[in-house]
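In what follows, a structure is listed as structure tokens, so that the remarks can point back to it.
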Amino acid sequence: MKIVFITDIHIAAEGETPAGIDVRANFLKALDAVRAMKPKCLVIGGDLCFDVGVRETYKWIYRQLQNDLPCQWYAIPGNHDYYTGIEAVRAAITGAGATMMTNEGLVIGDAGAGFALLGLDDLYGPRSDARSAGPDLD
């Protein structure tokens, strides 16, 4: 079973971060590599977005993921997702068909070839959003 994990995408609604880096272009290059791997699932770690344009940004991300990447994807929030607004991020992620994991776990695969995927809340989440409980290892 092939699983790909990418993290800290920091995609901005307009494509560029304040540092002038075209994050969307870099993300598309990374997706080309992910597509070539043909994973069963894709896990995206925290800091998925950089600004408040998350709804359109996640629609854009999901359209890219759907192109020749027929796998399930999961997302785990990071501190920038809390700064941006976790409810908007969660709505965008789940609305795009992904599973957002915050202090949750699930089994992927079957008993002979499965594994537990655990998504912990961001360590710094409580500092930026009172709704964040922080990581819960239980």
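The values are calculated or read from the model by the stated rules, or taken from the named source; none is laboratory data. Since this is a predicted model, take the numbers as computed values, not measurements. No Cβ is skipped: glycine too gets one built from the backbone with ideal geometry, and neighbour counts run over all protein chains shown. We work out accessible area using only protein heavy atoms, side chains counted, and drop any ligands, DNA or RNA first. Shrake-Rupley method; radii C 1.70, N 1.55, O 1.52, S 1.80 Å.
Just one of (1) under 12 Å from the mean Cα position of the chain (by Cα); (2) part of a helix (DSSP H, G or I); (3) among the hydroxyl-bearing types (Ser, Thr, Tyr) fails for residue 82. It is (1). Residue count for the stretch 98-113 satisfying the condition of being outside any loop (DSSP other than H, G, I, E, B) and either open to solvent by 60 Å² or more (accessible area, probe 1.4 Å) or touching a Ser or Thr at 6+ places or on another chain (Cβ under 9 Å) (or both): 4. Note on the stretch 1-25: residues that are at pLDDT below 75 and either in a helix (DSSP H, G or I) or among the β-branched types (Val, Ile, Thr) (or both) amount to 5.
Hey, among the residues in the stretch 114-130 that are within 22 Å of residue 39 (Cα to Cα), among the small types (Gly, Ala, Ser) and not in a loop (DSSP other than H, G, I, E, B), which one's least open to solvent (accessible area, probe 1.4 Å)? Restricting to residues being within 22 Å of residue 39 (Cα to Cα), among the small types (Gly, Ala, Ser) and not in a loop (DSSP other than H, G, I, E, B), the top hit is 119.
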